[in-house]
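The values are calculated or read from the model by the stated rules, or taken from the named source; none is laboratory data. The structure displayed is predicted, hence computed values, not measured ones. What goes into the accessible areas is simple: the full protein's heavy atoms, side chains included, and nothing from ligands, DNA or RNA. Shrake-Rupley method; radii C 1.70, N 1.55, O 1.52, S 1.80 Å.
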Amino acid sequence: MRSTPTTGHSSRPGRTRRPGSCSTSGAAPDRRGHDVIGIEPVPRFVGLARAAAPEVDFRLGTIEAVGLPDGGVGGVLAWYSLVHHRPDRVPVALAEVHRILAPGGGLLVGFFEGPSLEPFDHAVTTAHRWPVDRMVTALEDAGFTVDSVNRRTGKGARPHAAVVAHRT
């Protein structure tokens, strides 16, 4: 695993590319000297992200069809990027992430944790809670090796999990 799970390579020597989803929080990704590409399916969110971080390459697209070359990135941040997908579509998204990652490339997935795979109402659209073991299985089935699992629970907060994995 690399020092940050979202580093990779680009056509410019000494620079890296790391795709991730956009955020409307106003917080720009911590690039640490790497090229970052934000992929987002909602045009309004792309516009908000571009306004918040004009130095970042934000693009309209989906995690199922990123439009980057095979093995072209060293890491992907999928922070709550999969929670709004129907569970039967998550393998399609993970296959695309696997395709664009270089061998050994890192993946960080953040999601709502629950005792069973179930939908719930969320601010934007329906989201899904995932049991950690089901997400780990989905990642392994897509060709990833899981490096670590972290959980967060707290009074008044939805249970959350994060899985760090790499392409094998």
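Worth pointing out:
- Remark: accessible surface ordering of Glu40, Glu118 (largest first) is Glu118, Glu40, probe radius 1.4 Å.
- Ligands, DNA and RNA left out, the accessible area of the range 101-168 computed with a 1.4 Å probe is 49% carbon and sulfur.
- In the context of the full set of protein chains, residues of the range 97-147 present 43 Å² of accessible surface per residue (probe radius 1.4 Å, heavy atoms only).
- The range 76-161 - share of DSSP beta bridges that are antiparallel (%, nearest 5): 60 percent
- Convex hull projection area averaged over all views, the range 38-117, Cα basis, nm²: 5.9 nm²
- HN-Hα J in Hz across the range 74-81 - Karplus 6.51, -1.76, 1.60, θ = phi - 60°, x for Gly and Pro: x, x, 9, 9, 10, 7, 6, 7
- Distance between the C-alpha centres of the range 47-85 and the range 92-168: 16 Å, rounded to the whole angstrom.
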